[in-house]
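Since every read-out is calculated from the coordinates, none of them should be taken as a lab result. The model shown is predicted, which means the values in this text are computed figures rather than measured ones. Glycine gets a Cβ as well: all are built from the backbone with ideal geometry, and neighbour counts include every protein chain shown.
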Amino acid sequence: MIIVKEHIFQLAREIESHLTDVMRFIYFFITLPLAICLVSNATPPKGFVALFNGENLEGWWGAKTEDPEKWMSLSTEEFQKKWISSQEDIKKHWSVENGELVNDGKGLYLTTEKNFGDFELTLEYKTVAGADSGIYLRGVPQVQIWDTTKEGGKWKLGADKGSGGLWNNGPSGSPGRDPLVLADKPLGQWNRFHITMKGNLVTVVLNEKLVVDEAPLINYWDRKTPLEKRKPLREKGPIQLQTHGGEIRWKNIYIKELNPSCCDPEDETGFISIFNGKDFKGWKGPVSNYEVKDGTIVCLKGKGGTIFTERKFKDFSVKLDFKLPSGGNNGLAIRYPGKGNAAYHGMCELQVLDNTHPRYAKLDPRQFHGSAYGIAPAKKGFLKKVGEWNEQEVIVRGSKITVFLNDEIILDADLSKINKFMSDKSHPGLAIKEGHFGFAGHNDPVAFRNIRIKELH
C-alpha cells in the first residue's frame, strides 16, 4: 500500500506545476485524499468475504487440472505432502504486488483451501496479449479468460466471441459455452466478473454485461460418459485461478456463500434440547452464578464462570438464541474438559460479545463475536441491535468449526492449521476430541434460550 501511495504522490508532484492556487487547493485537499482513500480501503461488499488478503497467499494452495475427488480422498498425511509440495511451486510463479495477485503464466493454479457450494464470486483481472486463463468453479473448468483480438491467435477456438463463457461445456453452440456478448475491455485494462453458481447453474456478468445466463456447468471429469448419464457436480469444491501462458493479475476477490445446506434453520432433524427452560438439570459448574428466567439462562451481573452440560460431545451441531446487553460479554465453551479456562483448556471459546460497544474499539480481530478466542477471527457486522435476539448455529467436525450468525457464515476454520495465536499464548486444549458444551460467563447478563444439539457421526 505504501508503494501505491508513493505513485499517487509522484503523480501529484508532476501535476502541481500546472495548477493555479485554487486548483492546487482542490486537488491536494479534496481530490488527492479521496484517491488515497479509495486505494487504501478496498473492502468486501456486504455479505461477502475476501479470498485474497492483498498481502500474501494465505488461504490458498496449488493444484493443476485434476479431478478434486482425487486429492479430497487422500489421507491427511498424503494431502499434507501434496499441499507442501504445491507451496514450492506457487512461490515460483505467484507473487503479490501493490495488493494484486500476479502470475507469470506458469505453474500450478492458485486454489482455495476452502471448498464452496452455492456462491456469488466477484473479482477483477487484467491480462496481456496472447494470454489464456480461466476460473474453475468447484474445481471444474471453467469460466474462460483470453486475448480476444485476432492477433491473439485463438479465434479458431472461439476467442473472437469474448471471455466469460463456460468453454469446457462442449462444442460451440452448447449451452453457456459461448458468451452472449463480447464484453472484454482492451488489453491492459481491468475487467470485473460477477459469477453466481446455484447447484450446477452458472450466471456470469462481465463488465456489467450478462454473458452467461443460468447455464449448467457440465461435469468435465465425467466427459467420457454421455451427457444425460454423467455424474452430477460435486456439492462443494474449490475456486481455482488458472495459469495458461501469459501474465495475469487479480484483485478484489470476494465471495458470498448462498444458503448453505448445513444450516437450514427449518431443519431440526436429530436435534435435542439440552435446557428444559425451568432449571439447571443436566448442567454442572457454578450454576449459582446464573439464573433461569422466563425460559432463558441468564448470567447474573457481576458473576460468571463456565457452566456446562453433564454430557460430553465429539462432533456436533448446536443451535441457540442469545441476547446481548450493551457491552455484554460471554462465550460458548466448545469441548470443555470440565475445568480450567474454556478458551485455552477446551478446544476453544467462541466469543459472544457486543463488539459494537466503544470499550471494544481496539480489540484484536480474534476477539470479535463468533471468533475462536485468540485463534481465528470471525466476520463482523451481522449482530442484531443490542437487546434483540440473535440466532446462531455452531458446527464442530474434528478440528473444523463453522459458525452461522443470523443465516450468515461468520467463521469457517480448521483450527489444526493455525499456529499463530493472539499474544503468542498457547492453547493446550486445541486438539481435544471430546468435551462438554457450555457458557463461559464474564460478569454480564447475557441471555440464552432454545438450546438444542445434534451429534454428528
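For the peptides 186-195, 390-399, residues were scored by their other Cβ atoms within 10 Å and the scores averaged per peptide; the highest-first order is 390-399, 186-195.
Can you give the relative contact order of the chain as a percent, counting alpha carbon pairs under 8 Å and 6+ residues apart? List each step's numbers first, then the result.
Details: 1030 pairs, mean separation 67.9, N = 457.
Averaging sequence separation for qualifying contacts and normalising by length gives 15 percent for the chain.
Helix 76-93 and the longest principal axis of the Cα set of the chain meet at an angle near 40°.
Quick one: go through segment 76-118 and flag any residue whose amide nitrogen is under 12 Å from the point 7 Å out along the Cα-to-Cβ line of Leu258. So the set is 117-118.
Highest-first packing order for the peptide set 70-80, 368-378, 283-293 is 368-378, 283-293, 70-80, based on the mean count of other beta carbon atoms within 10 Å. All alpha carbon pair distances within segment 263-455 were sorted into 5 Å bins beginning at 0; the resulting P(r) in whole percents reads 1, 8, 17, 23, 23, 17, 8, 2, 0.
Lysine pairs in segment 127-221 with Cα distance under 18 Å, only those 8 or more apart or on different chains: how many are there?
Lysine pairs, 8 or more places apart or on different chains, close enough: 6.
When peptides 137-147, 98-108 are ranked by their average number of other Cβ atoms within 10 Å per residue, the highest-first order is 137-147, 98-108.
What the phi angles of segment 153-164 give under the Karplus curve with 6.51, -1.76 and 1.60, with θ = phi - 60°, is a coupling list of x, 10, 4, 5, 9, x, 5, 5, 7, x, 8, x Hz, glycine and proline written as x. Two numbers describe the Cα atoms of segment 343-445: Rg and Dmax, which are 13.4, 37 Å. Coupling constants for segment 246-257 follow from the phi torsions by the Karplus curve (6.51 cos²θ - 1.76 cosθ + 1.60, θ = phi - 60°), and in residue order they are x, 4, 9, 10, 10, 7, 6, 8, 10, 9, 10, 7 Hz; glycine and proline get x. Taken one residue at a time, the phi angles of segment 108-114 give Karplus couplings (6.51, -1.76, 1.60, θ = phi - 60°) of 5, 7, 5, 10, 5, 5, 8 Hz. Gly and Pro are set to x. Database remark: amide H of Glu214 closer than 5 angstrom to the amide H of Val202, Thr203, Val204 (H placed geometrically; neighbours at sequence offset of 5 or more, or on other chains; Pro and chain starts carry no H).
Between Asp160 and Ser95, what length in nm is gained on full extension when 0.36 nm per residue of separation is reduced by their alpha carbon distance?
On the way: separation 65, 0.36 × 65 = 23.40 nm, distance 3.02 nm.
Full extension of this stretch gives 20.4 nm more.
Listed from fewest to most Cβ neighbours within 10 Å, the set Tyr109, Tyr360 follows the order Tyr360, Tyr109. Backbone amide hydrogens, once placed in the peptide plane, bring Glu113 within less than 5 Å of Trp60, Trp61, excluding anything fewer than 5 places away on its chain.
Shown here: Kirkwood radius over Cα pairs in Å, derived from the displayed model; of the candidates [x] 21.9; [y] 24.7; [z] 26.7, it corresponds to [y].
Residues whose amide H falls under 5 Å from that of Gly398, counting only those 5 or more places apart or on a different chain, are absent, with hydrogens built in the peptide plane.
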